[in-house]
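Written out below as structure tokens is the structure these notes cover.
The values are calculated or read from the model by the stated rules, or taken from the named source; none is laboratory data. Keep in mind the model is a prediction, meaning the values are calculated, not measured. Cβ placement follows ideal geometry from the backbone for every residue including glycine, while neighbour counts extend to all protein chains displayed.
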Amino acid sequence: MVPTIFTIILLALLSLGVLPSFRDIAKIRDSIGELQADILQHQTLLPIYLSVQQRKSKSLPEGISVNEVVPLKIEDLAKLPDVFETLTRESEVELISATPQVRSLQDGREMLRMDAHMRGDFLTFNIFLNRLNEMSFVESIESLTIDVTNLGQEMNLSVWLAIQ
């Protein structure tokens with residue numbers, strides 16, 4: 001009789017104590033495997049996330065190029081009207097005027113505002129904008145206005161250029 005009671009108590013302990021522990025251990029092993037897979041995924045995505053956060057932390061004004069901005073040397077400022085003339089000619093847009101705004105250089109700023117007045121078709125003007133955006137010294141486009149006149153479409157553009 002004692003061995004029977006002992007066997008019953010031992011089976012009860014096994015069924016109530018040990019077997020649930022084995023199930024819990026199996027669940028914990030599964031969750032550890034899932035967590036290890038998550039860690040590997042996070043390690044893969046962390047560099048991408050950090051670069052996106054770094055770009056996001058820079059408050060980029062509308063129209064700014066995502067290209068790295070390389071400042072234009074002061075000695076090259078005299079060539080700016082020629083640069084705009086070349087860009088407009090290649091884009092089949094007529095450059096009426098390209099005027100650097102000297103006031104924008106006040107207080108030791110390292111940016112120059114350039115105002116350009118052009119005439120032509122907006123579709124070809126879009127080519128000009130794309131080529132201008134490829135220029136490494138273009139910081140941002142401040143404003144763009146398009147007027148329709150009897151001579152065609154006239155575009156006024158204000159651009160901020162990085163200088164050193």
Ser104 - would you say it is touching a Lys or Arg at 6+ places or on another chain (Cβ under 7 Å), polar (S, T, N, Q) and part of a helix (DSSP H, G or I)?
yes
Picking from Ala98, Ala37, the residue that is among the small types (Gly, Ala, Ser) and under 30 Å from Leu132 (Cα atoms) would be Ala98
Restricted to region 129-164 and to residues being among the acidic types (Asp, Glu) and touching a Lys or Arg at 6+ places or on another chain (Cβ under 9 Å), the residue farthest from Ala78 (Cα to Cα) is Glu154
May I ask you to say which residue of Ala37, Ala78 is under 18 Å from Ile163 (Cβ atoms) and in a helix (DSSP H, G or I)?
Ala78
Those residues of region 107-154 which are of a type in the set (A, V, I, L, M, F, W, C), out of contact with any helix residue (DSSP H, G or I) (no Cβ under 7 Å at 6 or more places or on another chain) and in a helix (DSSP H, G or I) amount to Phe122, Leu123, Phe125, Ile127, Leu129
Single residue of region 106-128 satisfying the filter (closer than 23 Å to Lys73 by Cα and free of Cβ contacts under 8 Å to residues at least 12 places away in the same chain) that is surrounded by the most Cβ atoms within 10 Å (Cβ to Cβ)
Arg109
Between Glu134, Glu68, which is surrounded by fewer than 17 Cβ atoms within 10 Å (Cβ to Cβ), modelled with pLDDT of 80 or more and more than 14 Å from Leu157 (Cα to Cα)?
Glu134
